[in-house]
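The numbers here are math on the coordinates, done by the rules we state, and not lab data. Model, not experiment: these values are computed from the prediction. Methodologically, a virtual Cβ is constructed for each residue, glycine included, from the backbone with ideal geometry; neighbour enumeration extends over all protein chains shown.
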Amino acid sequence: MKIICIGRNYSEHAREMKAETPAEPVFFMKPETAQIKNGAPFFYPAFAKEIHYETEIVLRICKNGKNIERRFANTYYNEITVGIDFTARDLQAQCKAKGLPWEMAKAFDGSAPIGEMVGMEKYKNIQEISFRLDINGKTVQQGNTKDMIFTCDAIIEYVSKFVTLKMGDLIFTGTPAGVGPVKIGDKLEGFIEGEKLFECSVK
Ligand code: MG
């Protein structure tokens, strides 16, 4: 499986990163080794000094597809959860300054913890779902999928022009504003519509 992540999909976040709002989706990938599940801990890597959380709605692809038309895109995912696109912001800044790809800042081991998957049928409209992250019991980031620049279906249409989607792939759909650092000892809890689906401790 592979993990496809969308960058700058909420204009408030693009603004806080001093980045332009993109005209087309921006995507990058993380390998399978980035995944953490079932509440397993995240081990703060020695190579970074500033790891940020980015709280995102994650889709699970349920059938293989390429060149998927937008009107059929919603049949290609059937479960969602909340996950963290951990980012080594210090390394990313170095990469950006040199005009290099950010892979090392985004794709490292453990950089994609996800919560418990929930069937889509639970939600009336995927483009109207609230989600949030609490750290040590305090809400640090919240968003709503209605504020996405590119909808889930638009993302699937666009990405599948370039990359074949396969059953079991995950799509991180972008983070709203409010990203920030984590430190060793933090307990992260993620919620969709107020329901806790995600837990991960930083060790
Ligand atoms: Mg992200």
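Figures for the structure shown
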{"item": "Per-region count, the stretch 12-26, residues away from the ligand (no atom under 14 Å from the Cβ) and part of a helix (DSSP H, G or I)", "result": "1"}
{"item": "Selection status of residue 174, assigned to a strand (DSSP E or B), of a type outside the set (A, V, I, L, M, F, W, C) and crowded, with 18+ Cβ neighbours inside 10 Å", "result": "no"}
{"item": "From the options 73, 93, residue that is surrounded by 14 or more Cβ atoms within 10 Å (Cβ to Cβ) and away from the ligand (no atom under 11 Å from the Cβ)", "result": "73"}
{"item": "Residue satisfying condition, being in a loop (DSSP other than H, G, I, E, B) and closer than 15 Å to residue 54 by Cβ, within set 131, 108", "result": "108"}
{"item": "Of all residues making up the stretch 151-190, the number that are hydrophobic (A, V, I, L, M, F, W, C) and away from the ligand (no atom under 13 Å from the Cβ)", "result": "11"}
